[in-house]
Amino acid sequence: MLPRFTTDLRPIGGKQPNLAILIVVIGAALAYLTAQMLLAGDSISLALLGFVCVGTAAAVAILNNWRKGLYFFFGWLFFEDLARKYLGNNMAVFFAKDVLVILIYISFYLARRNKREKAFFRPPFILPLLLFVWFGLAQVFNPASPSFFYGLLGMKLYFLYIPLMYLGYALMETEHDLRRFLMFNSYLLLIVGLLGVAQSIIGPTFLNPGTLQEDIRDLSSLYRASPITGLLAYRPTSVFVSNGRFQDLIVISWIIVLGFAGYLILRTKKSRTIAFVAVGVLAAAAVMTASRGVVMWCGSSTLVILAAFVWGAPWRQGQASRVVRSIQRITLLAGLAILFLSVAFPDEINSRLAIYNETLNPYSSASELAYRAHEYPMKNFLAAFDTPNWIYGYGIGTASLGIQYVARILHAPSTGIGVESGYGQLIIEFGIVGLLLWIVLGAVLSISAWKVVAHLRGSPWFPIAFAIFWLAFLMFFPIGYSSMSFYQDFLVNAYFWILVGVLYRLPSLALSAQFAAEAKGKSSAAPAFPRRPVFVPR
């Protein structure tokens, strides 16, 4: 029986006319504002109005579906800085991501309250995490802090994105969700990496407006010179306002993409092309950053992750040859990308290689390897104990990223105290107790993450699990010791916490995939999974 349609447009309860009038009024107001801005030639205000309209539509969509909102949020994280550069470093754009993530939290909470979301987990490290959060909240009211606003800044930087681990856990309902999320991010990383490589060759005129706001002008036009030959190399920012954020992204994305590529080699042929192209592009981007830290962290992570792939290979299932092939492909693609740049743009690549060779080669007369790797961070760490308040600190946020905005916009006085050491910064902000709580949190999280990795050994999910574990270890210890800006970078912070949730979800995804394979095996001769997999969680 065909459905019956009606053309009766009479209002139901008398609400539709009011809604229609409201829509007409808002539309007329927007049309008037747009016309005035066009007549005045105010392109910045016009762009901001467009952002407001898009943001309002996005907010409604997020409240209806937090999963779509999460994808929109991560897409926005990549291109927020690009909008800021062309809109005069507008702070409304800077805080848009925080509004988005809060709306996602609200949408997720409403979905759970309405029992549309059932997946939930208790992190094994919840006790040290809560202790660190509570201690950070207490540090907002530290009497040595020059302004309450520094405390709010610190709470945002350290804790705002922690709930993303619950969303990451709930997002992964099936293995398809895992591949879709990692594939989505591979595309983003590929685009940003390509733009960064292009900018390193073209120069600062690419992806930067003709006139930059004073606060970010110097961040987008930095060069590094090789100490012996004097060759100059531009430090690209890609779509971001600073080269530091681009460098942080390269480090974390290199680890993620390596894990994703290893998973695809063992599990499926779909999406391999994009993942391996991303490997090559990110290898080229790492070299072109002109950052010794990026090259060192990516290089050491590559050795550790590839060695872990061999250790965790599915030897019992006779698929270890796939792991060997994946290592060969990763090495080949990275080498080909760098070789292409050497042939096509010899001057640009040679200036970077000269910097690395002259400052990292222990036999070079200008080598800084020992000084930058050990002496410099230790010196800055010990300098934190020379401050008068090293026992209880100066308050959360007083030495964090973004303090210049608090000082400029809110006219808050600064402590004038800071060190270039991650652990030293924790002492300045939290005191010695805060540093100990951070170390305990990192140790408990890393140990519990390693247990998940050990359970997944021999399965296709092992490469992803190990990559996330390695990222957590770096975050709290080697990189965390040298710099807290890596953790405080909103891109790294958001990725880290959502990947933590993904890590603890992997055993259940593996188990459900095993059951599906066994059910399929009853009607086929060759099941896709072994009968007694070693990755079943205990």
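From the cross-link list Lys115/Lys270; Lys97/Lys269; Lys97/Lys379; Lys156/Lys379, which pairs have alpha carbons spaced over 31 Å apart? Cα-Cα > 31 Å for Lys115/Lys270; Lys97/Lys269; Lys97/Lys379; rest within. Think of the stretch 119-521 as a dipole: +1 on every Lys or Arg Cβ, -1 on every Asp or Glu Cβ, centred on the Cα centre; then among Leu303, Phe490, Ser200, Leu303 lies furthest on the positive end. A Förster distance of 22 Å, applied to the separation of the beta-carbon atoms of Phe477 and Leu436, puts the FRET efficiency at 0.95.
Dipole magnitude for the stretch 119-521: computed about the Cα centre from +1 point charges on Lys and Arg Cβ and -1 point charges on Asp and Glu Cβ, it is near 1380 debye.
Just check the stretch 363-438 against the gyration tensor rule for me: Cα atoms, a ≥ b ≥ c as the square roots of the eigenvalues, rounded for a/c under 1.5, and otherwise prolate or oblate depending on whether a/b exceeds b/c. Walk me through the numbers on the way to the answer.
Numbers: a/c = 2.80, a/b = 1.56, b/c = 1.79.
The shape class here is oblate.
Evaluating 6.51 cos²θ - 1.76 cosθ + 1.60 at θ = phi - 60° for every residue in the stretch 416-428, the Karplus couplings come out as x, 10, x, 9, 8, 8, x, 5, x, 5, 4, 5, 5 Hz, glycine and proline recorded as x.
For Gly480, neighbours were defined as the other residues whose beta-carbon sits under 14 Å from its Cβ, and their charges (Lys and Arg +1, Asp and Glu -1) total -4. As a proxy for reagent exposure, ranking Arg180, Arg408, Arg67 by other Cβ atoms within 10 Å from fewest up yields Arg408, Arg180, Arg67.
Note down the magnitude of the dipole of the stretch 103-204 about its Cα centre, charges +1 on Lys and Arg C-beta and -1 on Asp and Glu C-beta and zero elsewhere, to the nearest 20 debye. Could you put the intermediate results ahead of the total?
Numbers: 9 positive and 4 negative charges, 73 e Å.
For this selection, approximately 360 debye.
Given a Förster distance of 41 angstrom, what is the FRET efficiency for Ser414 paired with Phe120, based on the Cβ-Cβ distance and rounded to 0.05?
Numbers: r = 42 Å, r/R0 = 1.01.
That pair, Ser414 with Phe120, gives E of 0.50.
This model, with +1 at the C-beta of Lys and Arg and -1 at the C-beta of Asp and Glu, gives the stretch 201-313 a dipole about its Cα centre of some 500 debye.
For the stretch 203-253 versus the stretch 266-302, the spacing of their alpha-carbon centroids is 20 Å. Counting 0.36 nm for each residue step from Leu382 to Ala225 and taking away their Cα separation leaves a gain of 53.6 nm.
Close amide H pairs (under 5 Å, H built 1.01 Å from N) link Leu222 with Arg235, residues at least 5 positions away or on another chain.
Calculated FRET efficiency, Val60 to Val133, Cβ-Cβ distance, R0 = 22 Å: about 0.10 to the nearest 0.05. Per-residue Karplus couplings for the stretch 194-203, computed as 6.51 cos²θ - 1.76 cosθ + 1.60 with θ equal to phi - 60°, are listed in order as 4, 5, x, 5, 4, 5, 5, 8, 6, x Hz, Gly and Pro entered as x. Taking packing as the residue-averaged number of other Cβ atoms within 10 angstrom, the listed peptides 469-476, 371-378, 500-507, 170-177 run from highest to lowest as 500-507, 469-476, 170-177, 371-378. When the square roots of the Cα gyration tensor eigenvalues are ordered a ≥ b ≥ c, the ratio a/c for the stretch 111-246 is 1.5 or more and a/b does not exceed b/c, which makes its shape oblate. For Asp248, Asp386, the sequence from fewest to most other C-beta atoms within 10 Å is Asp386, Asp248.
The Cβ shell under 14 Å around Ala465 holds other residues with a net charge of +3, Lys and Arg each +1, Asp and Glu each -1. Panel order for Val279, Val295, Val99, by other beta carbons found within 10 Å of each beta carbon, from fewest to most: Val99, Val295, Val279.
Read-outs: derived from the displayed coordinates by stated rules, not from any lab. Keep in mind that this is a model prediction, so the values were computed, not measured. No Cβ is skipped: glycine too gets one built from the backbone with ideal geometry, and neighbour counts run over all protein chains shown.
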